[in-house]
Amino acid sequence: MRANRAMRQLLPDGTPLLRSAEEVPDELAQILGDGMRVVDDCLVVGKSDAAPRLDSVRAAVMDKTGYECFVNHIHLKEHGSSAAVLGHAVAFCKRVSAEAVSIAPNRSVRFIISKNGKDWTVHFHTLRPDESYVSPDLEGYAEEAVLVLDSTEL
């Protein structure tokens with residue numbers, strides 16, 4: 001798990017974030033209820049026919065990792081504390097990770113949880129050796145709180 005300074009300030013003190021037993025809110029559970037598929041060698045959550053094909057957006061997304069983050073980005077609403085939203089985001093990541101293992105057992109997944117103002121977003125993608133969606137220097141995201149988790153940590 002990696003986090004920039006802004007995200008570390010939001011992390012609940014003394015609370016084991018990754019062992020959180022938070023439930024996935026209904027709006028996120030609904031996204032997962034539509035399932036997950038492998039399309040064009042990419043994980044796609046939700047209705048795969050609703051996502052554009054990789055070929056049609058390749059110029060905009062550059063690679064498979066960018067495509068996955070483009071189609072697999074979820075917005076969360078901040079109700080209550082940032083710690084509560086973060087708990088829901090991690091619970092969602094755990095559910096996505098479990099679903100990914102069931103359909104593509106040899107894949108590891110990277111999750112990027114970010115907060116900009118009151119807007120929270122979760123992106124995720126398959127870990128690939130020569131592709132990355134997030135900068136190694138998380139402090140470079142000056143306007144956002146950023147947390148990076150891999151499925152092997154969940």
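With respect to Val44, is the statement that it is surrounded by 17 or more Cβ atoms within 10 Å (Cβ to Cβ) and either at pLDDT 70 or above or in contact with a His (Cβ under 6 Å, 6 or more places away or on another chain) (or both) true? For Val44, the condition - surrounded by 17 or more Cβ atoms within 10 Å (Cβ to Cβ) and either at pLDDT 70 or above or in contact with a His (Cβ under 6 Å, 6 or more places away or on another chain) (or both) - is met. Among the residues of segment 99-106, is any under 11 Å from the mean Cα position of the chain (by Cα) and either within 11 Å of Val45 (Cβ to Cβ) or at pLDDT 90 or above (or both)? No, there is no match, as no residue in segment 99-106 is under 11 Å from the mean Cα position of the chain (by Cα) and either within 11 Å of Val45 (Cβ to Cβ) or at pLDDT 90 or above (or both).
Of all residues in segment 100-125, those satisfying the criterion of being charged (D, E, K, R) and either within 17 Å of Glu22 (Cα to Cα) or in a strand (DSSP E or B) (or both) are Arg110, Lys115, Asp119. With respect to being modelled with pLDDT of 85 or more, aromatic (Phe, Trp, Tyr), closer than 21 Å to Pro129 by Cα and in contact with a helix residue (DSSP H, G or I) (Cβ under 9 Å, 6 or more places away or on another chain), Phe92 falls outside the description.
Evaluate the following for Lys118: is it at pLDDT below 95 and under 11 Å from the mean Cα position of the chain (by Cα)?
In short, no.
Evaluate the following for Met36: is it under 17 Å from His125 (Cβ atoms), of a type outside the set (S, T, N, Q), modelled with pLDDT of 80 or more and surrounded by fewer than 16 Cβ atoms within 10 Å (Cβ to Cβ)? No; evaluated as a whole, the condition is false for this residue.
Can we say Leu76 is in contact with a Leu (Cβ under 8 Å, 6 or more places away or on another chain), modelled with pLDDT under 85, of a type outside the set (Asp, Glu) and closer than 19 Å to Arg110 by Cβ?
Working: in contact with a Leu (Cβ under 8 Å, 6 or more places away or on another chain): yes; modelled with pLDDT under 85: no; of a type outside the set (Asp, Glu): yes; closer than 19 Å to Arg110 by Cβ: yes.
Judged against the criteria, Leu76 is not a match.
Of note, Glu143 satisfies the criterion of being over 19 Å from Asp34 (Cα atoms) and in a loop (DSSP other than H, G, I, E, B).
Among the numbered conditions (1) acidic (Asp, Glu); (2) modelled with pLDDT of 70 or more; (3) farther than 29 Å from Tyr141 by Cα, the only one that Asp55 does not meet is (2). Which residues, counting only those in segment 67-96, are surrounded by fewer than 20 Cβ atoms within 10 Å (Cβ to Cβ), assigned to a helix (DSSP H, G or I) and either aliphatic (A, V, I, L, M) or free of Cβ contacts under 8 Å to residues at least 60 places away in the same chain (or both)? Those that are surrounded by fewer than 20 Cβ atoms within 10 Å (Cβ to Cβ), assigned to a helix (DSSP H, G or I) and either aliphatic (A, V, I, L, M) or free of Cβ contacts under 8 Å to residues at least 60 places away in the same chain (or both): Phe70, Ala83, Ala84, Ala91.
The values are calculated or read from the model by the stated rules, or taken from the named source; none is laboratory data. Keep in mind that this is a model prediction, so the values were computed, not measured. Neighbour counts are summed over all protein chains in view; Cβ atoms, including those assigned to glycine, are modelled from backbone coordinates with ideal geometry.
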